[in-house]
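Below you'll find the structure, written out as structure tokens, and then a few comments.
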Amino acid sequence: MSAACETGRKEWYAPYADATNSVGFDEGNAWMTPGASFHHELFLYQEAGIPPIDILTMATRNGALALGSEATTGAIESGKQADLVVLGADPIVDIQNARQIEIVFLAGRQISLP
């Protein structure tokens, strides 16, 4: 990537760095494919220069804040709903690793994957 593109990405992100951004709220759009569109959105944020740890926060805690459900979801904490995924690779290294879903828990119960 050229230095000009890298500078442009950083300039685009800077005004939003302190905003509470979230991920996946356009799933009701007829042109979006649930799951695939979500992961593509994560990738696009990474391409825009947002660090993977911030993208994960946007997809978890910030999503719960946006929905008003932060008391029960959005983090792995005692007393919160036990919905989580176990990944086969570290998404902080590369957000694309969030696609490597190995185990899913919904309300504390492991569910079968297709």
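If I ask for residues that are of a type in the set (A, V, I, L, M), under 24 Å from GLY68 (Cα atoms) and modelled with pLDDT under 80, which ones from the stretch 11-52 would you list? Of everything in the stretch 11-52, those that are of a type in the set (A, V, I, L, M), under 24 Å from GLY68 (Cα atoms) and modelled with pLDDT under 80 turn out to be ALA17, ALA19, MET32. The single residue among GLY88, GLY8 that is at pLDDT 90 or above and small (Gly, Ala, Ser) turns out to be GLY88.
Suppose we filter ILE103, ILE95, ILE111 for residues that are surrounded by 14 or more Cβ atoms within 10 Å (Cβ to Cβ) and modelled with pLDDT of 90 or more; which single one remains? Every option except ILE95 fails the conditions.
Inside the stretch 44-53, residues that are buried (at least 16 other Cβ atoms within 10 Å of the Cβ) and assigned to a helix (DSSP H, G or I) make up a count of 3. Pairs meeting the criteria (first residue in the stretch 36-64 and on the phi > 0 side of the Ramachandran plot and free of Cβ contacts under 8 Å to residues at least 60 places away in the same chain, second residue assigned to a helix (DSSP H, G or I) and not aromatic (Phe, Trp, Tyr), beta carbons under 7 Å, at least 6 apart or on different chains) are GLY49/ARG9; GLY49/LYS10.
The values are calculated or read from the model by the stated rules, or taken from the named source; none is laboratory data. Remember, predicted model here, so these are calculated numbers, not experimental data. Glycine also receives a Cβ, built like all others from the backbone with ideal geometry; neighbour counts cover every protein chain displayed.
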